[in-house]
Amino acid sequence: MSEGFEPRIVGFFCKWCTYAGADLAGTSRLQYPPNVLPIRVMCSSRVDPVFLLTAYLRGADAVLIGGCHPGDCHYIEGNYYTRRRVALLKNIFETLKLDTERLRLSWISASEGPRFAKVITEYTENTKKIGPNPAKNKIFI
Amino acid sequence: MAKTNNKTDAKSMKGTVISTKEGLSKAITDFLKQAFEKNCFDTILIPVKVPANDSYAWVLLKDPALLDDANPLAPIMPVQGGKALSSILKHGVTDSSIAAVIRPCEMKAAIELYKLKQVKLDNITLITMDCPGVLPLKDWFKNPDEGEKKFKDIIKKWDDKDVRPLCQICDKFSVPLNEENATYPDLHFGVLGCSDGTGFVIPGSSKGEEILDTVGLTATKEVDKWESKVNEVTTQKRKKRSEAHKALNKEVGGSKNLPVAFALCINCHNCMRVCPVCYCQHCYFDSEALNKPPEVHLMRAAQKGSLLFKPDCLLFQVGRMSHMTLSCVSCGTCEDACPMSIKVGQVFSMVADQSQDAFNYQAGRSKDVPHPLRVFEDEQELDQVVTMCKDILETGEHK
Ligand code: SF4
Ligand code: SF4
Ligand code: FES
């Protein structure tokens with residue numbers, strides 16, 4: 001089924017770190033799969049779990065939040081709240097037996113271009129492995 | 001003896017024996033009359049039968065004579081007491097003191113709302129009782145007189161087969177014995193384990209003790225009988241609860257079953273509006289944010305092959321969970337209000353038990369334990385949180 005399947009991954013990236021990390025990966029001419037649709041946010045804590053859920057339920061094959069490493073948030077503690085919210089959403093997914101594998105949180109700093117490329121590569125590969133999001137063509141979702 | 005609301009040593013609980021010959025409700029209203037006379041509080045928030053005799057409503061009572069129409073153990077719960085209390089006290093306290101006579105789950109909602117800054121509890125005397133549950137609204141309205149009779153029987157036999165599905169599996173029907181940092185009601189009326197026609201009034205705080213002293217009912221008796229029965233019933237209910245949740249999980253879990261479970265949802269959002277802990281004035285799911293121009297719908301329909309109207313039913317359900325599951329007190333008010341008889345309360349309580357467990361939290365247990373989404377740990381973050389957020393690179397699990 002996943003032969004030739006190119007996943008669509010929605011990424012919510014913090015402007016101060018992961019988004020800059022993506023920039024660095026680009027300017028350093030690192031290769032990574034073009035499957036991520038990046039959305040820039042001012043801080044990972046700007047991302048309400050409902051954003052992730054919306055992307056997932058509307059058929060994104062995977063969702064990624066990128067934030068500053070713990071302790072490095074531009075707003076001091078935003079990403080600690082993010083961590084708890086994402087953990088909570090994953091817990092809800094677990095209870096409802098939805099795909100926790102389609103939700104990811106990664107800490108990627110502005111200087112970690114290679115790490116950015118690696119995360120995207122791995123996440124894309126993994127999403128290819130698990131196949132398309134079944135929500136994609138379900139009417140009643 | 002209890003000095004604060006936070007008694008950790010349940011063993012030290014004392015109570016006063018009261019007569020419940022004419023029923024627990026009557027015993028409570030009689031007590032309230034005495035306390036009213038002695039100026040223990042100025043007003044009482046309590047369920048009162050409506051003039052048409054077919055329902056109950058929350059009333060803020062000033063006139064003790066009206067207590068004759070009040071029923072602390074109303075057979076139904078059309079409005080959750082925590083929500084009623086918050087609508088009075090959202091914008092601050094008055095000097096006058098209010099006694100809120102509410103069920104244990106309503107007190108839990110009030111505590112959550114207190115932590116979410118939606119109610120001030122300073123001048124409130126919280127009064128609860130052992131709760132047998134309430135009847136589903138749908139059953140009640142078929143025949144309220146029958147309902148009254150049926151409920152009298154339920155109280156007498158403590159039989160839970162006709163109460164709401166969530167009441168049947170409620171393990172927090174009394175006070176939180178043996179729970180760390182638990183916040184106790186100022187006064188609790190306990191009947192479990194007591195011989196027929198008697199019960200206990202038990203103070204859970206120094207305020208409660210003072211009230212009992214004032215009305216001449218100083219608490220001196222051991223309440224072991226009651227405690228051990230509460231513990232016994234709690235154990236039974238917990239077992240029933242986890243079995244019910246397990247069965248429900250089989251039924252609704254998974255991306256195939258979940259949409260089926262909510263397929264009948266008509267998107268009325270009643271469940272959210274009556275939920276005591278869904279306090280936002282402007283809910284995202286009611287906002288214009290989800291009303292898109294036609295092109296967007298057409299695009300989605302084209303991508304999917306078809307699009308349900310209104311769309312985003314599951315987004316509402318799971319989104320609401322992601323906002324409030326840690327505060328859900330499993331009261332079942334949502335389910336009672338659902339016109340489509342969806343098991344919305346049962347699903348929410350199942351998710352709530354899991355998520356609260358993961359955060360080592362119990363909604364409404366303690367005024368002093370902060371809401372998990374309002375705080376965080378740096379190095380010492382909860383294991384569950386850290387594991388859930390482990391990156392692929394760190395775990396290498398998908399290599
Ligand atoms: S979601 Fe339902 S069961 Fe949970 S607190 Fe709200 S009304 Fe009560
Ligand atoms: S009350 Fe029932 S029908 Fe209405 S939105 Fe909630 S689940 Fe859907
Ligand atoms: S500023 Fe990057 S996570 Fe808060």
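Of these, B:K390, B:K367, which one is outside any helix (DSSP H, G or I) and touching a residue at least 40 places away in the same chain (Cβ under 8 Å)? I'd like the intermediate steps shown before the answer.
On the way: B:K390 fails: touching a residue at least 40 places away in the same chain (Cβ under 8 Å).
After applying the criteria, what remains is B:K367.
I want to confirm something. Restricting to the stretch B:259-268 and keeping residues that are more than 16 Å from ligand 1 (Cβ to nearest atom) and at negative phi, which single residue is nearest to the other protein chains (Cβ to nearest Cβ)? Lay out the reasoning, then the answer.
Pass one, the stretch B:259-268, residues more than 16 Å from ligand 1 (Cβ to nearest atom): B:259-260, B:263-264, B:266-267.
Now restrict to residues that are at negative phi: B:259-260, B:263-264, B:266.
On the way: B:P259: 4, B:V260: 7, B:A263: 6, B:L264: 11, B:I266: 13 Å.
The extreme case among them is B:P259.
For the stretch B:182-197, give me each residue that is open to solvent by less than 40 Å² (accessible area, probe 1.4 Å) and more than 24 Å from the chain's Cα centre (by Cα).
Answer for the stretch B:182-197, where residues must be open to solvent by less than 40 Å² (accessible area, probe 1.4 Å) and more than 24 Å from the chain's Cα centre (by Cα): B:C194, B:G197.
When the stretch A:100-141 is examined, which residues are found to be part of a loop (DSSP other than H, G, I, E, B), surrounded by fewer than 18 Cβ atoms within 10 Å (Cβ to Cβ) and in contact (Cβ under 8 Å) with a residue 12 or more places away in the chain?
Within the stretch A:100-141, A:S111, A:G131, A:P132 meet the criteria.
Could you check the stretch B:333-346 and list, in sequence order, the residues that are near ligand 1 (Cβ under 9 Å from one of its atoms) and either touching a Cys at 6+ places or on another chain (Cβ under 7 Å) or within 14 Å of another protein chain (Cβ to nearest Cβ) (or both)?
Of everything in the stretch B:333-346, those that are near ligand 1 (Cβ under 9 Å from one of its atoms) and either touching a Cys at 6+ places or on another chain (Cβ under 7 Å) or within 14 Å of another protein chain (Cβ to nearest Cβ) (or both) turn out to be B:T333, B:C334, B:A337, B:V344, B:G345, B:Q346.
Taking the conditions exactly as written (more than 13 Å from chain A (Cβ to nearest Cβ), within 16 Å of ligand 2 (Cβ to nearest atom) and either open to solvent by less than 30 Å² (accessible area, probe 1.4 Å) or not acidic (D, E) (or both)), does B:P293 satisfy them or not? Full working, then the answer.
Working: more than 13 Å from chain A (Cβ to nearest Cβ): yes; within 16 Å of ligand 2 (Cβ to nearest atom): no; either open to solvent by less than 30 Å² (accessible area, probe 1.4 Å) or not acidic (D, E) (or both): yes.
Answer is no for this residue.
Would you be able to say whether some residue in the stretch B:296-309 is more than 13 Å from chain A (Cβ to nearest Cβ), without any contact (Cβ under 8 Å) to a residue 40 or more places away in the chain, assigned to a helix (DSSP H, G or I) and closer than 27 Å to B:D139 by Cβ? Even if it seems obvious, please write down each step before you answer.
First pass over the stretch B:296-309, keeping only residues more than 13 Å from chain A (Cβ to nearest Cβ): B:298.
Restricting the remaining residues to those that are without any contact (Cβ under 8 Å) to a residue 40 or more places away in the chain gives B:298.
From what is left, the residues that are assigned to a helix (DSSP H, G or I) are B:298.
The next check asks that each one be closer than 27 Å to B:D139 by Cβ; those that pass are none.
Scanning the stretch B:296-309 turns up no residue that is more than 13 Å from chain A (Cβ to nearest Cβ), without any contact (Cβ under 8 Å) to a residue 40 or more places away in the chain, assigned to a helix (DSSP H, G or I) and closer than 27 Å to B:D139 by Cβ.
Yes/no matrix, rows are residues, columns are (1) surrounded by fewer than 23 Cβ atoms within 10 Å (Cβ to Cβ); (2) farther than 29 Å from A:A135 by Cα; (3) free of Cβ contacts under 8 Å to residues at least 60 places away in the same chain:
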residue: A:Q31; (1), (2), (3): yes, yes, no
residue: A:V36; (1), (2), (3): yes, no, no
residue: A:C43; (1), (2), (3): yes, no, yes
residue: A:D61; (1), (2), (3): no, no, no
residue: A:C68; (1), (2), (3): no, yes, yes
residue: A:Y80; (1), (2), (3): yes, yes, yes
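Based on this model, can you work out whether B:K256 counts as within 9 Å of chain A (Cβ to nearest Cβ), more than 16 Å from ligand 2 (Cβ to nearest atom) and of a type in the set (D, E, K, R)?
On the way: within 9 Å of chain A (Cβ to nearest Cβ): yes; more than 16 Å from ligand 2 (Cβ to nearest atom): yes; of a type in the set (D, E, K, R): yes.
Here the answer is yes, as B:K256 does meet what is asked.
Rundown of residues vs (1) assigned to a loop (DSSP other than H, G, I, E, B); (2) open to solvent by less than 40 Å² (accessible area, probe 1.4 Å), yes/no style:
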| position | (1), (2) |
| --- | --- |
| B:D336 | no, yes |
| B:G345 | no, yes |
| B:F348 | no, yes |
| B:Q356 | no, yes |
| B:P372 | yes, yes |
| B:V375 | yes, no |
| B:D378 | yes, no |
| B:E381 | yes, yes |
| B:V386 | no, no |
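Let's see how each residue does on (1) open to solvent by 60 Å² or more (accessible area, probe 1.4 Å); (2) at pLDDT below 95; (3) under 22 Å from the mean Cα position of the chain (by Cα); (4) acidic (D, E):
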site: B:F31; (1), (2), (3), (4): no, no, no, no
site: B:E37; (1), (2), (3), (4): yes, yes, no, yes
site: B:F41; (1), (2), (3), (4): no, yes, no, no
site: B:I46; (1), (2), (3), (4): no, no, yes, no
site: B:N53; (1), (2), (3), (4): yes, yes, no, no
site: B:V59; (1), (2), (3), (4): no, no, yes, no
site: B:P72; (1), (2), (3), (4): no, no, yes, no
site: B:G81; (1), (2), (3), (4): no, no, yes, no
site: B:S86; (1), (2), (3), (4): no, yes, yes, no
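All but one of (1) within 14 Å of another protein chain (Cβ to nearest Cβ); (2) within 16 Å of ligand 1 (Cβ to nearest atom) hold for B:N360; which doesn't?
If we test B:N360 against (1) within 14 Å of another protein chain (Cβ to nearest Cβ); (2) within 16 Å of ligand 1 (Cβ to nearest atom), just (2) comes out false.
List pairs: first residue in the stretch B:125-140 and over 22 Å from B:A100 (Cα atoms), second residue surrounded by fewer than 24 Cβ atoms within 10 Å (Cβ to Cβ) and of a type in the set (A, V, I, L, M) anywhere in the structure, Cβ distance under 7 angstrom, at least six positions apart or on different chains.
The qualifying pairs are B:L137/B:I76; B:W140/B:I76.
For the stretch B:102-128, which residues satisfy the criterion of being more than 13 Å from the chain's Cα centre (by Cα) and away from ligand 1 (no atom under 15 Å from the Cβ)? Give the steps one after another, and end with the answer.
Keep residues of the stretch B:102-128 that are more than 13 Å from the chain's Cα centre (by Cα), which gives B:114-127.
If the condition is that a residue be more than 13 Å from the chain's Cα centre (by Cα) and away from ligand 1 (no atom under 15 Å from the Cβ), then B:K117, B:K120, B:L121, B:D122, B:N123, B:I124, B:T125, B:L126, B:I127 are the ones that fit.
Which ones in the stretch B:269-286 are assigned to a loop (DSSP other than H, G, I, E, B) and within 14 Å of ligand 1 (Cβ to nearest atom)?
Within the stretch B:269-286, the subset assigned to a loop (DSSP other than H, G, I, E, B) is B:269, B:275-283.
Correct list: B:H269, B:C275, B:P276, B:V277, B:C278, B:Y279, B:C280, B:C283.
Can you report the number of residues in the stretch A:94-124 which are touching a His at 6+ places or on another chain (Cβ under 7 Å), of a type in the set (D, E, K, R) and more than 7 Å from chain B (Cβ to nearest Cβ)? Break it down stepwise before answering.
Restricting attention to the stretch A:94-124, the residues satisfying the condition of being touching a His at 6+ places or on another chain (Cβ under 7 Å) are A:107, A:109, A:122.
Right, trim to of a type in the set (D, E, K, R) and you get A:122.
Okay, now just the ones that are also more than 7 Å from chain B (Cβ to nearest Cβ), so none.
Of the residues in the stretch A:94-124, 0 are touching a His at 6+ places or on another chain (Cβ under 7 Å), of a type in the set (D, E, K, R) and more than 7 Å from chain B (Cβ to nearest Cβ).
Is it the case that some residue within the stretch B:308-329 is within 16 Å of ligand 2 (Cβ to nearest atom), farther than 19 Å from B:A363 by Cα and hydroxyl-bearing (S, T, Y)?
no
Spot the failing condition for A:T54; the list is (1) surrounded by fewer than 21 Cβ atoms within 10 Å (Cβ to Cβ); (2) more than 30 Å from B:V347 (Cα to Cα); (3) under 14 Å from the mean Cα position of the chain (by Cα), and only one is missed.
Of the numbered conditions (1) surrounded by fewer than 21 Cβ atoms within 10 Å (Cβ to Cβ); (2) more than 30 Å from B:V347 (Cα to Cα); (3) under 14 Å from the mean Cα position of the chain (by Cα), the odd one out for A:T54 is (2).
Six or more apart or on different chains, Cβ under 6 Å: which pairs go from a residue in the stretch B:256-280 that's touching a residue at least 40 places away in the same chain (Cβ under 8 Å) and open to solvent by 10 Å² or more (accessible area, probe 1.4 Å) to one that's more than 10 Å from ligand 1 (Cβ to nearest atom) and of a type in the set (S, T, N, Q)? Could you list them?
B:Y279/B:Q118
The values are calculated or read from the model by the stated rules, or taken from the named source; none is laboratory data. Fair warning: this is a prediction, and the values are worked out from it, not measured in the lab. FYI the Cβ positions are ideal-geometry reconstructions off the backbone, even for glycines, and counts take in every protein chain you see. The area values use the complete protein model at the heavy-atom level, side chains included, leaving out ligands, DNA and RNA. Shrake-Rupley method; radii C 1.70, N 1.55, O 1.52, S 1.80 Å.
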